Amino acid sequence: MPNRKMISCLSATALLLAGCAAGGAGPGPTATVVAQGTAAGPAASASGCVVGVSWNSATGRFLAWDAPAVKDAVTAAGATYLETDALSSAATQATDVERLISSGATVLIILAQNGTAIETSVAKARAHHIPVIAYDRLIDDPSALYMTFDNVEVGRMQARALLAAVPKGRYAFIKGDKDDANSDFVRAGQAEVLAAAVKSGAIRNVGETYTKDWAGDLAMVEMELFLAANHNKVDAVLAQNDNLAIGVRDALAAHRLDGTAVMSGQDGDEAGLNAVARGDQTVDVWKDARVLGRAAGEAAVGLCRGGTIAGAPGVAPFTTPSGGTVSSVLLAPLAVTKNNLDEVLDAGWITTDVLCEGVAAASVAACP
């Protein structure tokens with residue numbers, strides 16, 4: 001499904017009882033807010049709950065899992081759901097947030113393209129007394145509620161798996177976007193686990209780079225450069241997500257080096273989990289986006305009905321890289337290897353035919 005600039009909105013029904021449980025290169029065209037099945041005008045009554053969601057890019061995992069989960073939680077509570085897609089443009093996202101505010105949003109969920117650039121938009125929301133949930137990516141503003149998975153633990157999980165497989169060798173680090181704080185959180189977790197091996201010289205860092213927009217094609221180029229600089233000798237690649245891992249595998253394949261390096265991933269993408277089953281990827285850290293989306297949707301409804309950030313279920317203080325403190329809700333990820341692929345199957349995250357495509361019969365317990 002292509003990126004969408006149009007906002008979809010379900011018309012509001014009667015509100016339920018108050019309270020809820022947690023469960024581009026440049027700017028694009030101006031967003032237009034529409035409410036399906038309603039006449040032109042405010043998306044909901046003044047007393048209604050209107051949840052505006054600004055996606056930095058509604059593709060991949062966010063299109064398939066996060067957005068439907070948020071939307072279902074919001075509409076199940078009888079609230080109105082608005083969403084925008086910034087097409088990977090920070091400038092477009094700023095315009096989107098202004099449009100959501102002017103269209104009557106009473107709470108905002110923002111997946112930031114650039115965590116620093118979006119702070120101006122958060123300040124505008126604050127001036128309108130609109131609570132903000134920083135979804136999956138940090139916005140360093142004490143007024144926002146940061147909801148994500150424990151990304152430092154993601155890095156630890158990736159590093160533990162690769163260290164167990166290759167306790168000595170040449171490691172490359174393919175990080176995510178520099179403007180996404182998650183890249184540094186994941187890297188910090190990796191560094192924590194690998195510190196002793198790096199200090200002893202057992203592990204040597206032979207290449208490390210950020211990857212703009214977490215783009216797999218750029219990861220392929222980066223891996224090509226690391227291979228060239230190291231005479232095609234790289235033993236392990238800590239790719240921070242599954243999209244980056246695909247680029248790494250493509251670079252290795254281009255040099256007929258398939259299977260010569262162990263690697264990590266993140267997100268539980270179909271391709272990543274299938275790569276784990278095939279033995280092409282050592283670990284895929286799965287974050288059940290359905291859980292995060294539902295929790296954020298329910299928290300948003302609670303906030304626009306008068307709840308407080310401090311009262312959000314599971315909330316705890318989080319120290320940001322700048323030394324500030326924000327309220328956060330961190331969910332636990334799961335490291336998926338060949339040994340526990342049944343967990344993603346049992347959760348209905350992936351089907352057996354997709355997971356086991358190309359896998360030799362009986363080579364993996366989850367693949368009959």
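Each value in this text was obtained by applying a stated rule to the coordinates, not by laboratory testing. What you see is a predicted model; the values in this text were computed from it and never measured. Cβ: placed from backbone, ideal geometry, glycine included. Neighbour counts: every protein chain shown.
Points worth noting:
- Under 16 Å between alpha carbons - lysine pairs in region 151-266 that sit 8 or more apart or on different chains: 4
- Residue-wise HN-Hα coupling along region 225-235, computed from phi with Karplus coefficients 6.51, -1.76, 1.60 (Hz; x: Gly, Pro): 5, 5, 5, 4, 6, 10, 6, 6, 10, 10, 9
- Neighbourhood net charge (11 Å Cβ-Cβ; Lys/Arg +1, Asp/Glu -1) for residue 204: +2
- The length gained on full extension between residue 127 and residue 354, counted as 0.36 nm times the residue separation minus their Cα-Cα distance, comes to 77.0 nm.
- DSSP bridge pairs, the chain: antiparallel proportion in percent, nearest 5: 20
- Were the residues from residue 365 through residue 217 laid out at 0.36 nm apart, the gain over their Cα-Cα distance would be 50.1 nm.
- Computed on the chain, the Cα convex hull volume stands at 137 Å³ per residue.
- Surface/4 estimate of mean projected area, convex hull on alpha-carbon atoms of region 192-280, nm²: 6.0
- Computed lengthening from residue 337 to residue 325, 0.36 nm per intervening residue step minus Cα-Cα distance: 0.9 nm
- For the chain, the Cβ-based charge dipole about the Cα centre amounts to some 440 debye (Lys, Arg positive; Asp, Glu negative; other atoms uncharged).
- Under 12 Å, Cβ to Cβ, from residue 325 - net charge with Lys/Arg +1 and Asp/Glu -1: -2
- The trypsin sites (Lys or Arg not before Pro) of region 160-266 that meet both conditions, a loop assignment by DSSP and at most 10 other Cβ atoms within 10 Å of the site Cβ, are 256.
- Model label points for residue 347 and residue 253, set 7 angstrom from Cα along the Cα-to-Cβ axis, are 2.6 nm apart.
- Computed E for residue 117/residue 143 - FRET, C-beta separation, R0 22 angstrom, nearest 0.05: 0.85
- Applying a DSSP loop filter and a limit of 14 other Cβ atoms within 10 Å to the chymotrypsin sites (Phe, Trp or Tyr not before Pro) in region 138-175 leaves nothing.
- Whole-Å semi-axes of region 248-341's equivalent ellipsoid (Cα gyration tensor): 37, 16, 11
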